[in-house]
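Here is the structure we will look at.
The values are calculated or read from the model by the stated rules, or taken from the named source; none is laboratory data. These numbers come from a predicted model, not from an experiment. Every residue, glycine among them, receives a Cβ derived from its backbone with ideal geometry; neighbour counts consider all protein chains shown. The area values use the complete protein model at the heavy-atom level, side chains included, leaving out ligands, DNA and RNA. Shrake-Rupley method; radii C 1.70, N 1.55, O 1.52, S 1.80 Å.
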Amino acid sequence: MARKVRETPSPTGWRRRVARAPILLYRWHLGALLGHRFLLLTHTGRTSGEPRQAVLEITGRDRATGAYHLASAFGPGAQWYRNVRVTPDVTVQVGRHRVAAVARAMGPEESGRAMAGYAPRHPRTARRLMDVCGIETDGTVEDFYRVGRDLIPFVEVTPVRRL
């Protein structure tokens, strides 16, 4: 049964610099090196009103709408997650393609289904994500569903127009 075994704060110091390094690839127009499994999310700071950026793994895709599914690995307290809840108008860049989009927090059941779909497609990455997040799981699809439903919120980012 999935359970949080320790709190995992967002990275600080040199770990934060390493975690944010992929943003530089996009700034240097080298985002395509990350392939189609990651995207650059440009969002608005809820307090500052300034543009903020995060590189996030695409955990799933809705082929009908073109929406990307993103997991907030550090939970509902992650800055990007809190920001898109306040201002859902965002820009996403996958490789060299940039689009304006609208972010929507997925509900617990949707998040559970998204996590349950992601884990079997990328089992090693899912296990590493659980380690980083301090979550203990038995590795079953049902347990990953509980992780998404109860511990890791997901966001659906739907493109609205190409930039």
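Here are some notes:
- Meets criteria (open to solvent by less than 80 Å² (accessible area, probe 1.4 Å), within 23 Å of residue 127 (Cα to Cα) and touching a helix residue (DSSP H, G or I) at 6+ places or on another chain (Cβ under 7 Å)) for residue 78: no
- Here the condition is being over 24 Å from residue 149 (Cβ atoms) and either charged (D, E, K, R) or exposed (fewer than 14 other Cβ atoms within 10 Å of the Cβ) (or both); of 97, 36, it holds for 36 alone.
- Flag if residue 73 is surrounded by 19 or more Cβ atoms within 10 Å (Cβ to Cβ), closer than 19 Å to residue 38 by Cα and at pLDDT below 95: yes
- Residue satisfying all of: in region 72-104; part of a helix (DSSP H, G or I) and of a type in the set (S, T, N, Q); farthest from residue 131 (Cα to Cα) among these: 83
- Residue match in region 140-150 (condition: surrounded by fewer than 22 Cβ atoms within 10 Å (Cβ to Cβ), among the polar types (S, T, N, Q), on the phi < 0 side of the Ramachandran plot and more than 15 Å from the chain's Cα centre (by Cα)): yes
- Residue match in region 62-81 (condition: more than 16 Å from the chain's Cα centre (by Cα) and among the basic types (Lys, Arg)): yes
- Residue match in region 2-9 (condition: surrounded by 11 or more Cβ atoms within 10 Å (Cβ to Cβ), small (Gly, Ala, Ser), at pLDDT 90 or above and not in a helix (DSSP H, G or I)): no
- Of the numbered criteria (1) assigned to a helix (DSSP H, G or I); (2) within 14 Å of the chain's Cα centre (by Cα); (3) at pLDDT 85 or above, the one residue 116 fails is (2).
- Residues of region 39-56 that turn out to be open to solvent by 40 Å² or more (accessible area, probe 1.4 Å), in contact with a His (Cβ under 9 Å, 6 or more places away or on another chain) and in contact (Cβ under 8 Å) with a residue 12 or more places away in the chain, as a count: 2
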